[in-house]
Amino acid sequence: MRRVMAHARTLHALGPANNDRLSAVRVALSVAVPSLVLLAIGRPELTMYAVFGALTGMYGRSETHQLRLKHQAQAAVVLVSGISVGVFLSVNHLHSWWLVLVEAVLAGAGSLFSDKVKLKPNGPFFGILALGACASVPTNVPFLTAVLIGAASAAFSILVGFAGWLRVRAWQAGAVRDAPRLSGELRQAALVHAARYVLAVGAAGTCGVLSGSGHPHWAMAAAAVPLAGADLPSRVHRGIHRIVGTFVGLALVAVVLFPGPLSPLQYFRGHTAAVLALLVIAFQFPTELFMARHYGWAMVFFTPVILLMTQLAAPADPGLLVTERAVETFVGAVIGIAVVVTVRAPRRATASDAAAARR
């Protein structure tokens, strides 16, 4: 009972602050500028590509400018690759089982790359989220245009993250990020972890397709969430945070999209796209503010970011959108938790991997 109570306290405890406001400002600025440019030229439906590229700014938040530059460049590879593959699937109308197969395989490959370079936030989550989301909406611009929007947004995020260097102008020759080489036990642990991603994402996508959902990629993304934790308890907690945070976030989405006196859309008729684009920008700040301190609270605000930009790209019935998001998130997170509980790395490899993560 004492252990259960300890886990319950951990679920709602905020982690220590670590210059979160500055990081949140950087990410919000990275999202805001390209999104406002698209809004100004009358193409707010392309905001999705800009936002996923701008998530590059979430990486390397506590590192020096020099190391953050390399870290964010590595993250940009994952995010822009996800956008590119997703747009390719959309342009060629490769959905359903093709999406499940491609996303599951690339989740495993992304896991290996993430472990190799030690991405923080951990894992390929944002890359496969970008892949699934971009694949699941119609692409009404040329393939290269969509990819360039994401790449330009990622490049702008890197510039924002490096801008502070102009003030300090400190450069340490030969500085490298702490990313131990994947060999021996670490390689074995990384391979097992990649297998978890393939299994969890593939199983969740299969359930999504068989259920007839229009958004199986949401289940696949939710299944990847628990795998980013450092150990078994934190992985289970992340899965629970994903479910609860998403459900609360869906209440915010309902307030915005459902007709009613609280919806801002009721007061700016004829400007729906502009309102949604501005809300996507606004919700990104609290998302990053809580991302490192409490994943559940971060999901409360990140859920509207994802759904509102999805609504911008491909307007759908709000009730169906909210319902499918709730169901797919629950199913995916439960599958992800089940995988991390049942698929374990050998004890020695797990201990070595955890020690490397702490370093």
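Of note:
- Screening the candidates VAL80, VAL27, VAL37, VAL33 for the property of being in a helix (DSSP H, G or I), over 25 Å from ARG293 (Cβ atoms), modelled with pLDDT of 85 or more and under 15 Å from the mean Cα position of the chain (by Cα) yields one hit, VAL80.
- Boolean, ALA135 is open to solvent by less than 50 Å² (accessible area, probe 1.4 Å), more than 22 Å from the chain's Cα centre (by Cα), on the phi < 0 side of the Ramachandran plot and small (Gly, Ala, Ser): no
- Those residues of segment 224-251 which are in contact with a Gly (Cβ under 8 Å, 6 or more places away or on another chain), of a type in the set (A, V, I, L, M, F, W, C), closer than 25 Å to LEU99 by Cβ and in a helix (DSSP H, G or I), in sequence order: ALA224, LEU227, ALA228
- Any chance ALA109 is open to solvent by 10 Å² or more (accessible area, probe 1.4 Å), among the small types (Gly, Ala, Ser) and more than 17 Å from ALA221 (Cα to Cα): no
- Only a single item in (1) within 18 Å of the chain's Cα centre (by Cα); (2) at pLDDT below 95 is not met by PRO304, and it is number (2).
- Any chance VAL334 is part of a helix (DSSP H, G or I), open to solvent by less than 10 Å² (accessible area, probe 1.4 Å) and at pLDDT 95 or above: no
- Taken together, the criteria place LEU144 among residues that are free of Cβ contacts under 8 Å to residues at least 24 places away in the same chain, in a helix (DSSP H, G or I) and open to solvent by 20 Å² or more (accessible area, probe 1.4 Å).
- Screening LYS70 on (1) of a type in the set (Lys, Arg); (2) over 18 Å from the mean Cα position of the chain (by Cα); (3) not in a helix (DSSP H, G or I) shows it passes everything except condition (3).
- Options GLY53, GLY110, GLY82: the member that is of a type outside the set (Asp, Glu) and under 30 Å from ARG169 (Cβ atoms): GLY53
So that you can scan it fast, the table gives a plain yes or no per residue for (1) assigned to a helix (DSSP H, G or I); (2) over 27 Å from SER90 (Cα atoms); (3) without any contact (Cβ under 8 Å) to a residue 40 or more places away in the chain; (4) open to solvent by 60 Å² or more (accessible area, probe 1.4 Å):
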residue: ARG177; (1), (2), (3), (4): no, yes, no, no
residue: LEU182; (1), (2), (3), (4): no, yes, no, no
residue: VAL192; (1), (2), (3), (4): yes, yes, no, no
residue: TYR197; (1), (2), (3), (4): yes, no, no, no
residue: SER213; (1), (2), (3), (4): no, no, no, no
residue: TRP218; (1), (2), (3), (4): yes, no, no, no
residue: ALA222; (1), (2), (3), (4): yes, no, no, no
residue: VAL253; (1), (2), (3), (4): yes, no, no, no
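- Check on LYS116, closer than 29 Å to ARG235 by Cβ, within 16 Å of the chain's Cα centre (by Cα), surrounded by fewer than 20 Cβ atoms within 10 Å (Cβ to Cβ) and touching a residue at least 12 places away in the same chain (Cβ under 8 Å): no
- Condition check for ARG269: modelled with pLDDT under 95, open to solvent by 30 Å² or more (accessible area, probe 1.4 Å), assigned to a helix (DSSP H, G or I) and basic (Lys, Arg): no
- Any chance ILE128 is open to solvent by less than 20 Å² (accessible area, probe 1.4 Å), closer than 30 Å to GLY184 by Cα and part of a helix (DSSP H, G or I): yes
The values are calculated or read from the model by the stated rules, or taken from the named source; none is laboratory data. Predicted model, so just to flag it, every value in this text is computed and none were measured. Cβ: placed from backbone, ideal geometry, glycine included. Neighbour counts: every protein chain shown. Ligands, DNA and RNA are excluded from the accessible area calculation, which covers all protein heavy atoms including side chains. Shrake-Rupley method; radii C 1.70, N 1.55, O 1.52, S 1.80 Å.
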